[in-house]
Amino acid sequence: MNITVAKSAGFCFGVKRAVNKVYEQADIKNGPIYTYGPIIHNEEVVKDLEQKGVKVLSCEEELTDEQKKRGGTVIIRSHGVSKKTYEKLEQAGMEIVDATCPFVLKIHQIVEEFSNDGYEIVIIGSSAHPEVEGICGWCDPAYTTVIANEQEAENFQPKSGKKVCIVAQTTFNYKKFQELVEIIQKKGYIRDIRVLNTICNATEERQNEAASLAETSDLMIVIGGRSSSNTQKLYEICKEECANTYYIQTTADLHLAKTGHIDNVGITAGASTPKKIIEEVQKYVRTKL
Ligand code: F3S
């Protein structure tokens, strides 16, 4: 029996880098360590870090005077933060370890430069997402609009009426991005529109690889949190290619029995699934089938 784990299963490059940085800091630092928001949406990882003394900070205002006096390290997660947040953390006397994904940092740079050049900024994405909140904090708030759907794109009217720079949240769907950009481009009165496709292909790569792996597998296992939308999407994609697809959170959810018909098993995992869990599942499958 062949067990194949998708190369793109689990953490993307930016998340892996951020999580590693936290463990690294926990190893080398003696003082208090905080992550600015949970480092990933995975309770086990957050709990594991808590045991190593890493606390989650929701905002800089949460720091008490006592904590400020003690100082410590704040790790910025892959989503990034606004310019103001860096400043406030510095003013609070904290050392900042920046684990913002380089692809997100690039967006900060783009919107800051274009904003300084008098462009109005349009961010295609979800305004409630921390990454988008962070991006908004690198350009002029009076000339920044977040657009998530067709209606909002139709309603968009640049305040300056002239120059517009459009970027995207890294995890936004490319097709939808193109559709929304087209709606804005059709408004003939905007003189200069710069479209910068800042979508990261990690999600798409994971989905494409999952589909081709599921296609050649007799049994497909998708690992990830129940409420993780990217894992749900992976499951749907795999289920279409392989009827025998399981959606599990950990090995505890997996009840396999020898059927004798399984030659190829495929495993993939959502963006917040740690390597450890993927390896456990792999080991379990090997012993059970
Ligand atoms: Fe991950 Fe960075 Fe892309 S956090 S999804 S590699 S933008």
query: Just to be sure, is residue 172 within 18 Å of the chain's Cα centre (by Cα), part of a helix (DSSP H, G or I), over 30 Å from residue 288 (Cα atoms) and in contact (Cβ under 8 Å) with a residue 40 or more places away in the chain?
result: no
- request: Taking only segment 147-161 into account, find how many residues are in contact with a strand residue (DSSP E or B) (Cβ under 8 Å, 6 or more places away or on another chain), free of Cβ contacts under 8 Å to residues at least 40 places away in the same chain and in a loop (DSSP other than H, G, I, E, B).
  value: 4
message: Just to check your reading of the model, which residue among 121, 147 is modelled with pLDDT of 95 or more, touching a Ser or Thr at 6+ places or on another chain (Cβ under 6 Å) and either among the hydroxyl-bearing types (Ser, Thr, Tyr) or under 30 Å from residue 36 (Cα atoms) (or both)?
response: 121
query: Out of all the residues in segment 277-285, is one or more assigned to a loop (DSSP other than H, G, I, E, B) and not aromatic (Phe, Trp, Tyr)?
result: no
message: Give me the residue from segment 109-131 that is surrounded by 20 or more Cβ atoms within 10 Å (Cβ to Cβ) and closer than 13 Å to residue 83 by Cα and, out of that set, nearest to the ligand (Cβ to nearest atom).
response: 131
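Residue by residue, here is whether (1) polar (S, T, N, Q); (2) assigned to a helix (DSSP H, G or I) holds:
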position	(1), (2)
79	no, no
85	yes, yes
132	no, yes
145	yes, no
- prompt: Any idea how many residues of segment 21-40 are within 13 Å of the ligand (Cβ to nearest atom) and either farther than 24 Å from residue 210 by Cα or in a helix (DSSP H, G or I) (or both)?
  reply: 2
query: Of the residues that sit in segment 159-189 and are surrounded by 14 or more Cβ atoms within 10 Å (Cβ to Cβ) and touching a Gly at 6+ places or on another chain (Cβ under 7 Å), which one is farthest from residue 271 (Cα to Cα)?
result: 163
- request: Run down 167, 181 and say which single residue is out of contact with any Cys (no Cβ under 9 Å at 6 or more places or on another chain), at pLDDT 95 or above and either under 21 Å from residue 281 (Cβ atoms) or not in a helix (DSSP H, G or I) (or both).
  value: 167
- line: The lone condition residue 205 fails out of (1) surrounded by 15 or more Cβ atoms within 10 Å (Cβ to Cβ); (2) within 16 Å of the ligand (Cβ to nearest atom); (3) in a helix (DSSP H, G or I); (4) of a type outside the set (S, T, N, Q) is (1)
Residue 7 vs. criteria within 16 Å of the ligand (Cβ to nearest atom), modelled with pLDDT of 95 or more, loosely packed, with under 13 Cβ neighbours inside 10 Å and not polar (S, T, N, Q): yes
- request: From the list 7, 69, 55, pick out the single residue that is among the charged types (D, E, K, R) and touching a strand residue (DSSP E or B) at 6+ places or on another chain (Cβ under 6 Å).
  value: 55
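The values are calculated or read from the model by the stated rules, or taken from the named source; none is laboratory data. All of these numbers come straight from a predicted model, not from anything done at the bench. Reconstructed Cβ throughout: ideal geometry from the backbone, glycine too, with neighbour counts over all protein chains shown.
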